[in-house]
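Undergrad: Below you'll find the structure I mean.
The numbers here are math on the coordinates, done by the rules we state, and not lab data. Quick caveat: nothing in here was measured; it's all calculated off a predicted structure. FYI the Cβ positions are ideal-geometry reconstructions off the backbone, even for glycines, and counts take in every protein chain you see.
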């Protein structure tokens with residue numbers, strides 16, 4: 001299997017710790033011909049790996065690529081459906097826009113749109129989302145559940161749980177979820193989620209779920225206006241993140257949780273969500289389109305709606321809001 | 001006012017009952033110059049009116065156009081916003097498709113897409129909708145209420161009430177509404193409505209409401225497979241319908257009911273809807289995606305949901321179904 005050779009080759013070179021490995025050594029180690037090794041080295045170079053080759057010494061890896069490629073996402077992807085149909089771009093206006101178009105044209109469930117850069121990335125309520133080239137995961141995903149439109153907000157929570165779990169798995173960091181669609185590390189935003197839908201009046205045609213993960217941003221890559229409020233996995237971990245691995249892990253987790261949801265409903269997702277929830281039990285200010293509610297966040301309902309108890313003991317059900325933690 | 005001259009001119013010529021009217025007579029009758037009459041006659045010809053002109057006798061109208069033009073819709077339109085932005089086509093795949101694209105690009109509320117023909121017109125659940133050239137009203141409309149997605153089905157009912165009312169106004173016929181989206185005359189379908197939406201998880205971005213009205217079809221224009229189930233306004237009335245007037249009246253009614261809905265909620269719409277409802281009190285079979293319910297239709301809730309009481313006395317709330325009347 002040529003994918004296996006590639007993976008073993010990358011591992012062997014990465015493990016060599018700066019030493020040269022000869023073509024013969026690599027061929028024996030992996031169990032293939034020297035010609036195969038040579039071919040794969042060339043392939044890796046094309047994909048942006050920087051490899052030094054010295055006669056009579058062999059190969060040394062200088063740098064793994066900062067770039068993300070479609071192959072990087074596919075190699076090692078453990079899902080059945082999610083991410084199996086990839087639309088990959090170097091730069092787009094917004095992956096949501098592309099994914100909406102694909103959804104209209106009938107793209108299958110699990111289709112993802114990934115771009116190295118978004119020129120006009122969007123967040124909730126038409127807000128802009130900064131998407132610097134090669135720094136993050138800028139991705140949209142098409143999901144086609146047979147459900148009425150009012151179930152759509154639950155997918156923001158399923159996506160948040162999958163993203164939080166994937167970040168934990170890949171980095172060892174401890175992400176927290178601020179209802180409904182922010183993921184924070186050490187109190188700063190690292191992920192944004194945007195769930196949009198196309199539907200008939202009573203039936204979802206497709207969900208287009210956008211996810212932005214600040215991965216390899218350094219502090220100076222974050223716009224002044226969001227420093228102090230935003231962070232990246234690199235800033236928190238001080239180690240570069242493999243965005244391909246992050247996407248693969250997220251897709252695997254999302255596919256799993258989505259399966260659970262279709263099978264057993266929202267209740268098990270709610271339990272998972274609560275393990276990450278930062279806002280529950282705290283005094284919050286919820287800004288909705290109709291006004292502000294200040295109170296203690298009691299939790300979410302079995303439908304994913306936030307319950308907030310105000311100072312008079314009145315319990316409000318909040319379907320959508322920006323949340324600010326007060327304590 | 002030149003629009004007034006045009007309208008008066010059409011009326012005078014139509015009322016002349018096959019007699020010639022001289023330019024002088026027309027100018028005096030309408031109160032404008034003979035030059036103005038001449039100019040307007042030329043305009044009418046461009047718009048498809050067939051007019052005979054004989055020296056020393058004057059003008060006679062041979063035929064009013066079967067065609068619909070953008071000007072026909074605008075002249076005499078009494079709305080504030082609906083239909084003020086018209087995208088008019090001779091032929092499109094589907095007006096819904098065009099309207100979705102326009103909605104994505106930010107087209108304002110009230111934008112309508114009208115086409116003389118749809119090559120692949122669509123109904124609910126991806127069903128096809130026959131849209132013969134120049135025979136019907138094939139139209140989609142962009143509405144942008146600030147509401148959560150679960151309110152979308154109510155717009156099917158608002159649209160149905162507006163369409164039923166407009167048909168009554170223009171033709172004197174008595175349309176009835178079969179929940180949720182069919183309008184019947186003498187038990188046969190004459191209008192279909194398709195409500196689709198683009199939304200964030202908890203907020204509608206735009207509703208794209210499609211409406212198809214069989215207007216001037218003769219019996220042989222209806223496909224064999226739907227003869228007996230479908231009809232047209234012409235078949236029922238034995239008189240050609242002005243599609244422009246029908247569109248104008250529908251837009252005026254829709255704008256009015258939409259205003260009432262935004263102001264006072266669904267309750268007043270429910271009352272209007274009930275005056276047209278054919279299925280209420282009858283035994284029906286409701287086919288939903290999950291199965292079949294047979295029972296007596298009790299009415300709709302304040303949210304627009306159909307209540308059906310089965311033989312065991314259990315009351316089902318039906319959000320979406322195909323309805324068949326059993327008695």
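Undergrad: Given a Förster distance of 22 Å, report the FRET efficiency between residue B:127 and residue B:91 from their Cβ-Cβ distance, rounded to the nearest 0.05. Display every interim value, and only then the final one.
TA: Numbers: r = 20 Å, r/R0 = 0.93.
So the FRET efficiency works out to roughly 0.60.
Undergrad: When the helices in chain B are scored as -39500 (n - 2.57) per DSSP H run of 4 or longer and the sum is shared across all residues, what 222 nm value do you end up with, to the nearest 500 deg cm²/dmol? Walk me through the numbers on the way to the answer.
TA: On the way: 9 runs with 107 residues, N = 327.
Helix-only estimate at 222 nm: -10000 deg cm²/dmol.
Undergrad: Expressed as an acute angle from 0 to 90° and rounded to the nearest 10, what is the orientation of the C-alpha long axis of helix B:243-264 relative to the principal long axis of chain B?
TA: Approximately 40 degrees, to the nearest ten.
Undergrad: Another question, if that's okay. Determine the shielding of peptide B:200-211 by partner chains: average, over its residues, the number of Cβ atoms on other chains within 10 angstrom of each Cβ.
TA: Numbers: counts 12, 22, 15, 6, 3, 3, 0, 1, 1, 1, 0, 0.
Other-chain Cβ atoms within 10 Å of each residue's Cβ, averaged: 5.
Undergrad: Now for a different question. Angle check, please: helix B:95-104 long axis (alpha carbons) against the longest principal axis of chain B (alpha carbons), in degrees 0 to 90, nearest 10.
TA: On a 0 to 90 degree scale, this one is about 80.
Undergrad: Normalised by the number of residues in chain A, what is the relative contact order in percent for Cα pairs under 8 Å and 6+ residues apart?
TA: Numbers: 626 pairs, mean separation 41.3, N = 327.
Value for chain A: 13 percent.
Undergrad: Stokes-Einstein at 10 °C, 1.306 mPa s, Kirkwood radius from Cα pairs: D for segment A:199-245 in µm² s⁻¹? Show your work: numbers first, answer last.
TA: Details: Rh = 13.1 Å.
It comes out at roughly 121 µm²/s.
Undergrad: To continue, here is another question. Evaluate the Kirkwood expression for the hydrodynamic radius of segment A:234-327, namely the inverse of the mean inverse distance over all pairs of different C-alpha atoms, and round to one decimal in Å.
TA: Values: mean 1/r = 0.0646 Å⁻¹.
About 15.5 Å for segment A:234-327.
Undergrad: How far is residue A:312 from the same spot in each other copy, in nm, shortest first, if each label point sits 7 Å from Cα toward Cβ?
TA: Once sorted, the set of distances for residue A:312 reads 4.3 nm.
Undergrad: Can you run the Rg to Rh ratio on chain B? Use alpha carbon positions and the Kirkwood inverse-distance Rh.
TA: Details: Rg = 21.9 Å, Rh = 21.3 Å.
Reported Rg/Rh (Cα atoms, Kirkwood Rh): 1.03.
Undergrad: Also, quick follow-up: Pick from B:181, B:85, B:56 the residue whose mean-square fluctuation is largest in a GNM of chain B, springs joining Cα atoms under 10 Å.
TA: Greatest mean-square fluctuation among the candidates belongs to B:56.
Undergrad: On to the next question. Please work out, to two decimal places, the log10 of the ratio I(q)/I(0) at q = 0.17, 0.21, 0.27 Å⁻¹ from a Debye calculation in which every Cα of segment B:2-63 carries one identical scatterer.
TA: Cα-only, vacuum Debye calculation for segment B:2-63: -0.46, -0.74, -1.32.
Undergrad: Given Cα pairs under 8 Å that are at least 6 residues apart, what percent is the relative contact order of segment A:185-325?
TA: Values: 185 pairs, mean separation 19.1, N = 141.
Worked out over segment A:185-325, it gives 14 percent.
Undergrad: Right, another one. Once the label point is set 7 Å along the Cα-to-beta-carbon vector, what list of distances in nm do you get between residue A:22 and its counterparts in the other copies?
TA: 11.5
Undergrad: Return one number: the angle in degrees, 0 to 90 and rounded to the nearest 10, between the long axis of the Cα atoms of helix B:2-15 and the longest principal axis of the Cα atoms of chain B.
TA: So the helix axis and the longest Cα principal axis differ by about 80 degrees.
Undergrad: Going 7 Å from Cα along the Cα-Cβ axis for the label, what nanometre distances separate residue A:104 from the same residue across the other copies?
TA: With the label placed 7 Å along Cα→Cβ, residue A:104 yields 0.3 nm.
Undergrad: How much of the calculated P(r) for the protein assembly as shown lies past 50 Å, in percent of all Cα pairs? Please list the in-between numbers first.
TA: On the way: 61675 of 213531 pairs.
Considering the protein assembly as shown, 29 percent of its Cα-Cα pairs are separated by more than 50 Å.
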